[in-house]
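Visitor: Here it is, the structure in full.
The values are calculated or read from the model by the stated rules, or taken from the named source; none is laboratory data. Quantities reported herein were computed from a predicted structural model and do not represent experimental measurements. When we count neighbours, we look across all protein chains shown, and the Cβ atoms used for this are built from the backbone with ideal geometry, even at glycine. These area figures cover heavy atoms from the full protein model, side chains too; ligands, DNA and RNA do not enter into them. Shrake-Rupley method; radii C 1.70, N 1.55, O 1.52, S 1.80 Å.
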Amino acid sequence: KQDMLLAKEVQQNLLPRNPPRLPGIDLAGATIFCDETGGDYFDYLSFDRAPDGGCDVIVGDATGHGIAAALFMATGRALLRGGQGVGCAPAALLSLVNTLLWQDTADSGRFLTLYFLRLERGGLAPDGCLTWSRAGHDPALVYDPATDRFTELLGPGLPLGVLPDYVYEEQSCPGLSPGQVLLLGTD
């Protein structure tokens, strides 16, 4: 029981405490595990404002439950954070992480689904845009109260760790308008 509580504390410390600040955007994130630990993950890869006023937001889920999923999530987190310094676009970083993760998971059947969203130039219209790449994760949703409609930010992409040479694709759309709500989630 003590080991599980320690594992929970360690995993909670891997999650961001506060979102970055972007002018005109309210960011929030939370994780509630059903067990002491789990494979759900979210992060902001840049804690300081990026030079262009943007931010990277990541949401993911590792296969399984409990300690095994938590360890796998921590591995994926480390690879993403290690690759952020090379200035990769979302799809390029996912392709790199996939190759590295596959080296550790090829025979295990484990994988990590991920949604990588970049809020470029602040993420607000008319100058900003949203750029994303999916690795088998549910799409992000944008709710527009002006039209009372939802838009899914879709795109192809296998979960990370499935095929070593998979090349991820990138999609983009104009930035958010005032009042729109962007939601990224996992189970």
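Visitor: Please go through region 48-74 and give me each residue that is outside any helix (DSSP H, G or I) and at pLDDT 85 or above, ordered by number. So that I can check it myself, show each step before the final result.
Guide: Taking region 48-74 first, the residues outside any helix (DSSP H, G or I) are 48-65.
Answer for region 48-74, where residues must be outside any helix (DSSP H, G or I) and at pLDDT 85 or above: C55, D56, V57, I58, V59, G60, D61, A62, T63.
Visitor: Which pairs do you get when a residue that is over 25 Å from R77 (Cβ atoms), found in region 148-165, comes within reach of a residue that is among the aromatic types (F, W, Y), reach meaning Cβ atoms under 6 angstrom, with the pair 6+ apart or on two chains?
Guide: Between residues of region 148-165 that are over 25 Å from R77 (Cβ atoms) and residues that are among the aromatic types (F, W, Y), the close pairs are F150/Y143.
Visitor: So, in region 143-163, how many residues would count as being surrounded by 13 or more Cβ atoms within 10 Å (Cβ to Cβ) and within 24 Å of A92 (Cα to Cα)?
Guide: 9
Visitor: Further question: Could you run through region 1-20 and say how many residues are assigned to a loop (DSSP other than H, G, I, E, B) and farther than 16 Å from I58 by Cα?
Guide: Total meeting the criteria: 1.
Visitor: Taking the condition of being assigned to a helix (DSSP H, G or I) and in contact with a strand residue (DSSP E or B) (Cβ under 8 Å, 6 or more places away or on another chain), how many residues in region 78-101 meet it?
Guide: Within region 78-101, residues that are assigned to a helix (DSSP H, G or I) and in contact with a strand residue (DSSP E or B) (Cβ under 8 Å, 6 or more places away or on another chain) number 10.
Visitor: I'd like the full set of residues that are closer than 25 Å to G64 by Cα, open to solvent by 50 Å² or more (accessible area, probe 1.4 Å), hydrophobic (A, V, I, L, M, F, W, C) and within 17 Å of the chain's Cα centre (by Cα), limited to region 2-38.
Guide: A30, I32
Visitor: Just one of (1) more than 14 Å from the chain's Cα centre (by Cα); (2) over 21 Å from G38 (Cα atoms) trips up L117, so point out which.
Guide: Of (1) more than 14 Å from the chain's Cα centre (by Cα); (2) over 21 Å from G38 (Cα atoms), only one is false for L117: (1).
Visitor: Can I ask one more? Taking region 102-141 on its own, how many of its residues are part of a strand (DSSP E or B) and of a type in the set (S, T, N, Q)?
Guide: Of region 102-141, the ones part of a strand (DSSP E or B) are 112-120, 124, 129-136, 140-141.
Then keep just the ones that are of a type in the set (S, T, N, Q); that gives 113, 131, 133.
Looking only at that region, the number is 3.
Visitor: Kindly check whether there is at least one residue in region 75-88 that is open to solvent by less than 10 Å² (accessible area, probe 1.4 Å), hydroxyl-bearing (S, T, Y) and at pLDDT 85 or above. Working first, answer last.
Guide: Step one: of region 75-88, the residues open to solvent by less than 10 Å² (accessible area, probe 1.4 Å) are 76, 80, 83.
Okay, now just the ones that are also hydroxyl-bearing (S, T, Y), so none.
Within region 75-88 (the criterion being open to solvent by less than 10 Å² (accessible area, probe 1.4 Å), hydroxyl-bearing (S, T, Y) and at pLDDT 85 or above), the answer is no, since none of the residues qualifies.
Visitor: Restricting attention to region 130-187, which residues are β-branched (V, I, T) and touching a helix residue (DSSP H, G or I) at 6+ places or on another chain (Cβ under 9 Å)?
Guide: T131, V162, V167
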